[in-house]
Amino acid sequence: MLDWFLDPFQYGFMQRALLGGGLAALICAVVGTWVVLRGLAFMGDALAHGVLPGIALAFLWGFDLTLGALASAALMVAGINLVNRRGHLREDTGIGLLFVGMLALGVIIISRAPTFSTELTGFLFGNVLGVTTGDLTAQAGAAVLTVGLATLLYRPFLALAFNPDKAALLGLRPRLANLVLLALIAVAVVSSFRAVGTLLVFGLLIAPPAAASLLVRRVPTMMVTAAALGVGSVALGLVLSYHYDTAAGATMAGVAVLVFFVVL
């Protein structure tokens, strides 16, 4: 039985896939905990789709895909803030508008590429088995940044999650904390899309933290538990995809969601 689990990882590309997926799970666990606590799942989903135009343009123009994704995510966050401030509308209205608009724009741009269907599939669902050493280095840097900011801004994030008005009274600058949190969601999506794709990263961002919230109550413990569940889902998903010849990214995300319902 042990050999059944270990056999897939005798190959270098599977080892890199495990590292890439594990780093994605770690980043998503830290950020996703705050997403779950604040009820920002729709925002996470929207950002996962909203990076598509930047990725598509970077691909067509020959730029680094990560830079394109970051630019697109920054544009979307700015657009949501603009709609909320100028239009005096609920936050989910701005998110919904940018969600559909950015996704449509991304598909339109990709449709101009000769290999439209192949590239769209790669962007949306990732290629965890093709993760490179450079990708792992970038993910490691994103993980350090995410954990560092989450630790540094723990009190503002905690106050914002449970009582934004009290956070303002305490001088914790909830508006700035909210902007930083949105930026961290963007970093989680951008740093993980090469491994699991822009669509499936949402599974790691929501499912492990949601399952952890059912098991523990303290936020730091929730993050650690979510990271453990996420990494476990990545490992099991890779093993299942290896033995049953299924899509690796989709299998990992599916296992993460299944774990949530098992915990539930």
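The values are calculated or read from the model by the stated rules, or taken from the named source; none is laboratory data. Since we're looking at a predicted model, the values are computed, not measured. Ideal geometry is used to build each Cβ from the backbone, glycine not excepted, and the neighbour counts take in all protein chains shown. What goes into the accessible areas is simple: the full protein's heavy atoms, side chains included, and nothing from ligands, DNA or RNA. Shrake-Rupley method; radii C 1.70, N 1.55, O 1.52, S 1.80 Å.
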The residue from Ala159, Ala168, Ala188 that alone is open to solvent by less than 50 Å² (accessible area, probe 1.4 Å) and touching a Lys or Arg at 6+ places or on another chain (Cβ under 9 Å) is Ala159
If you go through Arg155, Arg217, Arg175, the only one that is free of Cβ contacts under 8 Å to residues at least 24 places away in the same chain and either small (Gly, Ala, Ser) or not in a helix (DSSP H, G or I) (or both) is Arg217
Residue pairs within 7 Å by beta carbon, gap of at least six or interchain, first lying in region 240-259 and closer than 18 Å to Arg16 by Cα, second small (Gly, Ala, Ser) and open to solvent by 40 Å² or more (accessible area, probe 1.4 Å), listed first then second, are Ser241/Ala247
Within region 49-72, residues out of contact with any Gly (no Cβ under 6 Å at 6 or more places or on another chain), in a helix (DSSP H, G or I) and within 18 Å of Asp135 (Cβ to Cβ) come out as Phe59, Leu65, Thr66, Leu67, Leu70
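When residues of region 9-24 are filtered for being out of contact with any helix residue (DSSP H, G or I) (no Cβ under 8 Å at 6 or more places or on another chain) and either among the aromatic types (Phe, Trp, Tyr) or within 14 Å of Gly126 (Cβ to Cβ) (or both), how many remain? It would help to see each step written out before you state the result.
To start, the set of residues in region 9-24 that are out of contact with any helix residue (DSSP H, G or I) (no Cβ under 8 Å at 6 or more places or on another chain) comprises 10-12.
Those left that are additionally either among the aromatic types (Phe, Trp, Tyr) or within 14 Å of Gly126 (Cβ to Cβ) (or both): 11.
Qualifying residue count for the region: 1.
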For region 194-206 the number of residues that are open to solvent by less than 10 Å² (accessible area, probe 1.4 Å) and not polar (S, T, N, Q) is 6
Those residues of region 55-65 which are within 19 Å of Ala138 (Cβ to Cβ), in contact (Cβ under 8 Å) with a residue 24 or more places away in the chain and open to solvent by less than 20 Å² (accessible area, probe 1.4 Å) amount to Ile55
Exception for Val263 within (1) surrounded by fewer than 18 Cβ atoms within 10 Å (Cβ to Cβ); (2) over 25 Å from Leu65 (Cα atoms); (3) modelled with pLDDT under 85 falls at (3)
Exactly one of Leu105, Leu75 is under 21 Å from Ser191 (Cβ atoms), assigned to a helix (DSSP H, G or I), modelled with pLDDT of 70 or more and open to solvent by 70 Å² or more (accessible area, probe 1.4 Å), and that one is Leu75
Of the residues that make up region 19-34, is at least one open to solvent by 10 Å² or more (accessible area, probe 1.4 Å) and either touching a Lys or Arg at 6+ places or on another chain (Cβ under 6 Å) or on the phi > 0 side of the Ramachandran plot (or both)? no
The lone condition Leu89 fails out of (1) modelled with pLDDT under 70; (2) open to solvent by 70 Å² or more (accessible area, probe 1.4 Å); (3) in a helix (DSSP H, G or I) is (3)
Subset of region 216-250, residues open to solvent by less than 30 Å² (accessible area, probe 1.4 Å), farther than 30 Å from Ala159 by Cα and under 16 Å from the mean Cα position of the chain (by Cα), comes to Ser233, Val234, Gly249
Within region 22-40, residues being over 13 Å from Tyr154 (Cα atoms) and β-branched (Val, Ile, Thr) number 3
Checked Thr137, Thr133, Thr115, Thr151 against criteria (surrounded by fewer than 17 Cβ atoms within 10 Å (Cβ to Cβ) and either at pLDDT below 85 or over 28 Å from Arg16 (Cβ atoms) (or both)); the one match is Thr115
